[in-house]
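Some notes on the structure that comes next.
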Amino acid sequence: QVQLVESGGGLVQPGGSLRLSCAASGDAVSIYRMGWYRQAPGKQRELVAGISTSDSTNYADAVKGRFTISRDNAKNTVYLQMNSLKPEDAAVYYCNAVRHLYKFWGQGTQVTVSS
């Protein structure tokens with residue numbers, strides 16, 4: 001079982017950048033497929049980016065070319081680098097870990113994009 005804690009959210013102006021972190025404990029992130037999801041008010045939670053155990057990545061069309069997911073196994077942490085942020089990127093961002101039939105979530109971190 002893995003416990004996930006997100007951090008790095010905050011208020012940023014349009015065009016700005018943020019880096020979200022997902023620190024894991026209890027298990028190694030290297031054995032999980034990791035993902036970042038987001039949920040805006042009134043909308044369903046959606047996948048933003050994912051990284052497999054072999055480090056292949058995938059992104060939602062809306063963030064391709066702007067967001068980058070990465071994993072640091074030594075720090076047991078997954079990151080989401082977000083550049084060129086837009087108001088529509090504002091949401092609560094959640095870290096997710098999946099292995100076999102098991103799925104774990106963090107508590108989320110708020111990202112606000114506003115001038």
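Which whole-Hz couplings ³J(HN,Hα) result when phi for each residue of region 36-50 is put into the Karplus expression 6.51 cos²θ - 1.76 cosθ + 1.60, θ = phi - 60°, listed in order with x for Gly and Pro?
Coupling constants for region 36-50: 10, 10, 9, 9, 8, x, x, 10, 6, 5, 10, 6, 9, 7, x Hz.
Tell me the Rg and the Dmax, in Å, that the Cα atoms of the chain produce.
Computed over the Cα atoms of the chain, radius of gyration and Dmax are 13.3, 42 Å.
If you roll a 1.4 Å probe over the chain with all protein chains in place, what percent of the accessible area is carbon or sulfur?
On the way: 2900 of 6080 Å².
Roughly 48 percent, rounded to a whole number.
Under the rule of at least 5 residues apart or a separate chain, name every residue whose amide H is placed under 5 Å from the amide H of Lys86.
Gly15
Spin-label point model (7 Å from Cα, Cβ direction): what's the Ala74 to Thr57 distance in nm?
1.9 nm
The values are calculated or read from the model by the stated rules, or taken from the named source; none is laboratory data. All values reported here derive from a predicted model rather than from experimental measurement. Virtual Cβ from ideal backbone geometry, glycine too; neighbours counted across all protein chains shown. Ligands, DNA and RNA are excluded from the accessible area calculation, which covers all protein heavy atoms including side chains. Shrake-Rupley method; radii C 1.70, N 1.55, O 1.52, S 1.80 Å.
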